[in-house]
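First comes the structure, then the notes that go with it.
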Amino acid sequence: MSQEQNFGLSEKAKANLLAKMRGQAAPKIKHERSLEEQISPDLLRFDTLPCYTQLKVQQAVAAKLGFPDPYYACHSGLSQAHATILGKTYLNFSCYDYLGLNGDPRLLEAVSNAAKTYGISASASRLTAGERPPHHALEAGLAEIYGTEDCLVFVSGHATNVSTIECLFGPQDVIFYDALSHNSLILGAQAAGSARFCYPSNDTKALRNLLIEHRKQFKRALIVTEGLFGMDGCVCDLPELLALKQEFGCFLMVDEAHSLGVLGEHGFGVSEYFKIKPSQVDIWMGTLSKTFCGCGGFIAGSHVLIEILKYFAPGFVYSVGLPPLLAAASCKALEIMQEEPWRVAKLQANSRYMLEEAHKLGLDTGKAQGSAVIPVHVGDSLSCVILAHMLREAQILVLPIIYPGVEEGKARLRFFVSATHTEEQISLALNKTQQLLPKARARAADFSG
Ligand SMILES: Cc1ncc(COP(=O)(O)O)c(C=O)c1O
């Protein structure tokens, strides 16, 4: 065999084979690039990250249209049915203070008393710095309305989902999640390292097919859904999800961020809405940042579940406890929700009214069922941003939800209704939306063309 013959082998494969035949270790190939060559200066800059490039393109489009950034507006006072930004007052549909309790004097008093007694901070993780009575009172109140043995409040709603799922499930397990699940639920599933299957939103037939195909190959299984979907404003099919959980041997986790205070006669959420015993759900999750005017999240479930989370959920164990004054605020809000049922009733009436009026005006509200979250579908992201801007010029504040928050082509204005809105305010906002929608579309077409 001549020196030049390779017999179809690469240089590297030939060198390895010869070395093997001579009983030597495979030689190191010389042509590997040095670390310096591999790491171009671009990789040492943040402004080359793809997310940043995308943001800059979107901002350039907005600037070309002459719009200010619709996000991060600085509100200068209490934002309820009205909000004030840079001295201008807007009719506000951008906040999820569903029962209109933010700033309520009774909540302020509870906060002030708790601050005087416990100070501001929980000072460290509850595991080490200990707990305060407002934590216990809030947890007992939430466990009571969910009919569960126990409850645990976390300092962040987002971290509640990530930490809980990550803590309970692992690589041998499988997670089936609704396509419209909140980012925190999806990140939790990713962090768990479990196999993941996404089913089209609220499509329990598709979920069933996935369960038939995949459930058996894994140890534990979790089905994840939101109670009331925060993007679409529709209610999950809880009875069918419970039946599937039972049939396929899964845990069920329901995120009640937008359902608590909104669904059911007393605002107790999706189980009350369907008149289903809440203890049938394994993991109830909710946030304190919406109806309860605070900050943080909670898990309600069995003693065992809560004990596990108390000792192993990273976002609880390695994070500061919820500030006692916020626990006191949410506790008071929970109390008021039960003492003043007119708030839930008013929110529900307002939501129904908004949905009916939107339909009368021919606006596309997608799957919304008339429960606090009413999206008006616009279609492309550009038209949606333009419409939000035009409404803002008309002193109506509603935020555009665009790609990547939702798929391109499914951009929408998301109206959050509150018990403090009046029918006149709702009608005004919808009429303006209907009037401006074709103008926004025309302007977007001009710009794109
Ligand atoms: C469905 C859902 N889950 C969880 C969260 C996270 O909650 P928080 O904002 O209180 O951290 C949100 C936030 O909006 C949400 O909509």
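Computed on the Cα trace of the chain, the radius of gyration divided by the Kirkwood hydrodynamic radius gives Rg/Rh = 1.08.
Taking 27 Å as the limit for the C-alpha separation, the pairs Lys88/Lys360; Lys56/Lys360; Lys275/Lys346 exceed it in the case of Lys88/Lys360; Lys56/Lys360. Between Glu307 and Ala394, full extension at 0.36 nm per residue minus the direct alpha carbon distance yields a gain of 26.2 nm. With θ taken as phi - 60° and the Karplus curve 6.51 cos²θ - 1.76 cosθ + 1.60 applied, the whole-hertz 3J(HN,Hα) list for the stretch 93-108 is 10, 10, 10, 9, 8, 4, 9, x, 9, 5, x, 4, x, 5, 6, 4 Hz, x standing for glycine and proline. Applying D = kT/(6 pi eta Rh) to the stretch 105-339, where Rh is the Kirkwood radius over alpha-carbon pairs, T corresponds to 25 °C and eta to 0.890 mPa s, the Stokes-Einstein value obtained is 138 µm²/s. Say R0 is 60 Å: what FRET efficiency, to the nearest 0.05, do Lys275 and Ser40 get from their beta-carbon distance? So the FRET efficiency works out to roughly 0.45. For the residues Leu101, Leu382, Leu65, a GNM of the chain with alpha-carbon springs under 10 Å puts the largest fluctuation on Leu65. Using a cutoff of 8 angstrom between alpha carbon atoms and counting only pairs six or more residues apart, the relative contact order for the chain works out to 19 percent. If you take every DSSP beta bridge fully contained in the chain, what fraction is antiparallel? Give it as a percent rounded to 5. Given both bridge residues lie in the chain, the antiparallel proportion sits at roughly 55 percent. Between Val398, Val57, Val317, the Gaussian network model of the chain with springs among Cα atoms under 10 angstrom shows the greatest mean-square fluctuation at Val57. If you plug the beta carbon distance of His82 and Glu247 into 1/(1 + (r/R0)^6) with R0 = 35 Å, you get a FRET efficiency near 0.10.
The separation of the stretch 60-107 from the stretch 43-57, counted between C-alpha centres, amounts to 28 Å.
Taking 0.36 nm per residue of separation and subtracting the Cα-Cα distance, full extension of the segment from Ser448 to Leu428 would add 4.2 nm. This model, with +1 at the C-beta of Lys and Arg and -1 at the C-beta of Asp and Glu, gives the stretch 105-339 a dipole about its Cα centre of some 440 debye. Computed over the stretch 105-339, relative contact order equals 32 percent, with contacts defined as Cα pairs under 8 Å that lie 6+ residues apart. Among Glu32, Glu213, Glu272, whose mean-square fluctuation peaks in a Gaussian network model of the chain (Cα, cutoff 10 Å)? Ranking Glu32, Glu213, Glu272 by mean-square fluctuation puts Glu32 first. For His82, the amide hydrogen comes within under 5 Å of the amide hydrogens of Asn92, counting only partners 5 or more places away or on other chains and with H modelled in the peptide plane. Computed from backbone phi with θ = phi - 60° and the Karplus coefficients 6.51, -1.76 and 1.60, the 3J(HN,Hα) list for the stretch 291-299 is 3, 9, 6, x, 7, x, x, 9, 10 Hz; x is used for glycine and proline. Going by neighbour counts of Cβ atoms within 10 Å, the residues Thr365, Thr225 line up, fewest first, as Thr365, Thr225.
Couplings 3J(HN,Hα) of the stretch 319-331, computed from phi: 10, 4, x, 4, x, x, 5, 6, 4, 5, 5, 5, 5 Hz, in residue order, whole Hz [Karplus 6.51 cos²θ - 1.76 cosθ + 1.60, θ = phi - 60°; x for Gly and Pro].
For Glu144 and Ala63, the FRET efficiency from 1/(1 + (r/R0)^6), where r spans their Cβ atoms and R0 equals 60 Å, is about 0.70.
The numbers here are math on the coordinates, done by the rules we state, and not lab data. Predicted model, so just to flag it, every value in this text is computed and none were measured. Reconstructed Cβ throughout: ideal geometry from the backbone, glycine too, with neighbour counts over all protein chains shown.
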